[in-house]
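Scroll down for the structure; my scribbles are underneath it.
The values are calculated or read from the model by the stated rules, or taken from the named source; none is laboratory data. Just so we're clear, the structure is a prediction, and the values are computed from it rather than from any experiment. With ideal geometry, Cβ positions are generated from the backbone for all residues, glycine too; neighbour counts draw on all protein chains shown. These area figures cover heavy atoms from the full protein model, side chains too; ligands, DNA and RNA do not enter into them. Shrake-Rupley method; radii C 1.70, N 1.55, O 1.52, S 1.80 Å.
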Amino acid sequence: MAEGRSMSAIVVVSLCMLVLCSDMAHAALFVVGGRDGWTTTVSSWTAQVYKAGDKLLFYYDPKKHNVVVVDQGGYNSCTAPAGAKTYNTGHDYIQLQKGSSYFISSIPGDCQAGTKVSVTVQ
């Protein structure tokens, strides 16, 4: 009897791993801004359909830009609150969660010039 439960547990764990790996295999990678990357022209980047688990790649010159995670208010006003998560490597991956996400560059004048993007994940 214990052997049967052990086998059932193995089957359940295996199925869970299969589902998890299947979801991960379907995750997509999007380069923000396309060929131009994360620049003031990012606003012309074509909107995509995003799923939870997809990743955004922010590719940019770290001497000219950064990436800051903000809320909708920060996105609209081009302001980053104290303590906001900031990326500045020039090659940043951000995994998307369900809901809306907002990103700006906090370099003075950058966001106002168009270096900002919002995405909605289904």
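Worth a mention:
- Segment 51-76, residues that are open to solvent by 60 Å² or more (accessible area, probe 1.4 Å) and either under 13 Å from Val117 (Cα atoms) or among the basic types (Lys, Arg) (or both): Lys51, Lys55, Lys63, Lys64, Asp71, Gln72, Asn76
- Sub-9 Å Cβ pairs linking a first residue in segment 26-50 that is in contact (Cβ under 8 Å) with a residue 40 or more places away in the chain and open to solvent by 90 Å² or more (accessible area, probe 1.4 Å) to a second residue that is in a helix (DSSP H, G or I) and not charged (D, E, K, R), at least 6 apart or interchain, number zero.
- Residues in segment 91-111 that are open to solvent by less than 60 Å² (accessible area, probe 1.4 Å), small (Gly, Ala, Ser) and closer than 14 Å to Gln72 by Cβ: Gly99, Ser101.
Residues checked against (1) under 15 Å from the mean Cα position of the chain (by Cα); (2) in a loop (DSSP other than H, G, I, E, B); (3) under 14 Å from Leu96 (Cβ atoms):
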site: Gln48; (1), (2), (3): yes, yes, yes
site: Ala52; (1), (2), (3): yes, yes, yes
site: Val69; (1), (2), (3): yes, no, yes
site: Gly74; (1), (2), (3): no, no, no
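- Tabulated pairs, segment 93-122, first at positive phi, second not in a strand (DSSP E or B) and not hydrophobic (A, V, I, L, M, F, W, C), C-beta under 7 angstrom, 6+ apart or interchain: Gly114/Thr40; Gly114/Thr41; Gly114/Ser43
- In segment 79-90, residue nearest to Gly37 (Cα to Cα) [restricted to those that are in contact (Cβ under 8 Å) with a residue 24 or more places away in the chain and in contact with a strand residue (DSSP E or B) (Cβ under 6 Å, 6 or more places away or on another chain)]: Tyr87
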